[in-house]
Amino acid sequence: MIKAVIFDLDGVIINSIPLHIKAYDQVFRDFGFGYTRKDFNKLNGVPTFETIETVLKKHKIKADPLAVTVKKERLVDHWLKEVPFFPGTEKTLRNLKAQGLMLAMATTVSRKIVHTILDDRKILQYFDSVTGGDEIKKVKPDPETFLRAAQKIKVNPQQCAGVDDTIIGIESLCRAKMKSIAVTTSFSKSKLKKATVIVPHIGKITPALISKFL
């Protein structure tokens with residue numbers, strides 16, 4: 001029986017992917033090359049620092065990846081307030097909470113920024129805990145992100161369902177021994193076939209789906 005649902009942020013609750021691509025493109029153009037959606041998809045779900053380090057090495061650019069990361073994150077922070085929810089986000093959270101399910105957030109975004117995003121949009125109240133990337137040592141597909149979230153709300157991982165939009169996110173949930181709900185906002189259904197359930201977006205996640213399939 002599922003007692004808790006753990007959500008990723010980017011690509012699940014907020015549609016921030018175009019913003020991240022724009023920020024990456026802007027910082028990389030300083031080095032003479034751009035960054036497209038195709039480039040982003042290859043490393044989608046990988047933390048910013050590791051993405052920048054990988055891309056700089058690929059282009060044989062001798063620059064400090066930390067400095068580039070800081071610049072990129074400042075751009076993202078500046079634009080975040082304009083990023084919209086996916087359709088049905090608040091309704092889904094409200095309905096799941098009304099059914100007695102615990103809700104948690106687990107993301108690579110820093111905890112402080114996550115709190116700001118959720119609070120500004122009046123949905124922080126629905127979450128029993130928030131786990132940010134600054135609290136995690138091992139990134140996806142390692143299961144630490146989701147396991148830490150389950151630990152915070154004191155729910156057995158096998159009684160949790162996680163929601164993610166990436167291939168490595170679904171793999172992380174599998175390794176955590178959790179049920180997985182994939183949303184096809186970033187990848188096609190065929191790429192996310194390891195998931196327990198696949199839906200178009202968060203608005204399609206209902207208490208009935210949780211009880212029927214999970």
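What follows draws every value from the coordinates through simple rules; no lab data is involved. As the structure is a computational prediction, the values presented were derived from the model and not from experiment. Glycine also receives a Cβ, built like all others from the backbone with ideal geometry; neighbour counts cover every protein chain displayed.
Structural remarks
- Of the trypsin sites (Lys or Arg not before Pro) found in the range 96-131, the ones in coil according to DSSP and having at most 10 other Cβ atoms within 10 Å of their Cβ are Lys122.
- Taking θ as phi - 60° and the Karplus parameters 6.51, -1.76 and 1.60, the scalar couplings of the range 184-194 work out to 8, 7, 10, 10, 6, 4, 5, 7, 10, 5, 6 Hz in sequence order, x denoting glycine and proline.
- Close amide H pairs (under 5 Å, H built 1.01 Å from N) link Ser16 with Gly11, residues at least 5 positions away or on another chain.
- Rounded to whole Å, the principal axis extents of the Cα atoms in the range 17-81 read 34, 23, 20, largest first.
- Given the choices (i) 14.0; (ii) 21.5; (iii) 10.8, mean projected area of the Cα convex hull in nm² derived from the coordinates of this structure is entry (iii).
- DSSP-loop trypsin sites (Lys or Arg not before Pro) across the range 1-91, with at most 15 other Cβ within 10 angstrom: Lys60, Lys62
- Among beta bridges that DSSP assigns inside the chain, antiparallel share in %, nearest 5: 5 percent
- Under-5 Å amide H pairs with Val130, H placed in peptide plane, nonlocal only: Met105
- Residues Ile17, Ile52 arranged by fewest to most Cβ contacts within 10 Å: Ile17, Ile52
- Sparsely packed loop sites in the range 165-205 (the trypsin sites (Lys or Arg not before Pro) outside DSSP H, G, I, E and B with at most 16 other Cβ atoms within 10 Å) comprise Lys177, Lys193, Lys194.
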